């Protein structure tokens, strides 16, 4: 199940953003060459892992200060590496005012896909490890109970009964809960929304780059990123619940994506 879940997570992470790219290209940018687009997409995925190296600061910062640093650093670093891909000569020479936002969109789709591979792959692997742990624990508890007899066995059995019920409940929840091959449905939903968000902010940056307003639109993308991450931090510290954060992530991502598509990507 672990292997299948990871494969499904990786396939979703790659195919979902590629489908968006194909649809936009097919109906609006059919004449764009595939080679630089593939390069933009793949480099977008690669630079996610480059940006992820920023997390080294967790070794030196803790508490609320970590949340503050992460809030600012994530927005600036992640949007900066998207811009970095767009200014690579092989990519930059292929874009102009007509398609700058589209290339940004492709970079963002790759970036979001790279992040999704990490998140969904980890979720599937964690699911498998949880199952293994619960099964082993159940076997050990059952073996212990069976080795004891008489009053001693009865007392130990009564003591272990709540633990056994808890373990069985956890295993049933893991297997039959709201998940797809070990990937929680809420994680899939988050990745759908987050990929759209990354695509939108990169499109905004691409739009500004080809119009000589790189800094302005880069800062707009960073500001939008910080706003989204601020709500994520509120969830982590317990100020809002899971339902609220998922609704907020969905609304912000869809609004920003719609704005970028209709005012930047699809406007020639």
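The values are calculated or read from the model by the stated rules, or taken from the named source; none is laboratory data. Keep in mind that this is a model prediction, so the values were computed, not measured. Please note: Cβ atoms are built from the backbone with ideal geometry, for glycine as well, and neighbour counts cover all protein chains shown.
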(request) Identify, by number, the condition in (1) more than 22 Å from residue 14 (Cα to Cα); (2) buried (at least 16 other Cβ atoms within 10 Å of the Cβ); (3) under 21 Å from the mean Cα position of the chain (by Cα) that residue 115 doesn't meet. (result) (1)
(message) Out of 10, 6, I need the residue that is over 19 Å from residue 198 (Cα atoms), touching a helix residue (DSSP H, G or I) at 6+ places or on another chain (Cβ under 6 Å), assigned to a helix (DSSP H, G or I) and touching a residue at least 40 places away in the same chain (Cβ under 8 Å). Which one?
(response) 6
(message) Among the residues of region 46-59, are any within 19 Å of residue 202 (Cα to Cα), in a helix (DSSP H, G or I) and more than 17 Å from the chain's Cα centre (by Cα)?
(response) no
(message) Can you list residue pairs whose Cβ atoms sit under 8 Å apart, with the first residue in region 63-89 being within 18 Å of residue 195 (Cα to Cα) and the second being part of a helix (DSSP H, G or I) and at pLDDT below 90? Count only pairs 6 or more apart in sequence or on different chains.
(response) 74/54; 77/54
(message) Looking only at region 60-72, filter to residues that are farther than 18 Å from residue 226 by Cβ and outside any helix (DSSP H, G or I); which one of those is modelled with the lowest pLDDT?
(response) 62
(request) Please find, among 80, 101, 45, 40, the residue that is surrounded by 13 or more Cβ atoms within 10 Å (Cβ to Cβ), modelled with pLDDT of 95 or more and out of contact with any helix residue (DSSP H, G or I) (no Cβ under 7 Å at 6 or more places or on another chain). (result) 80
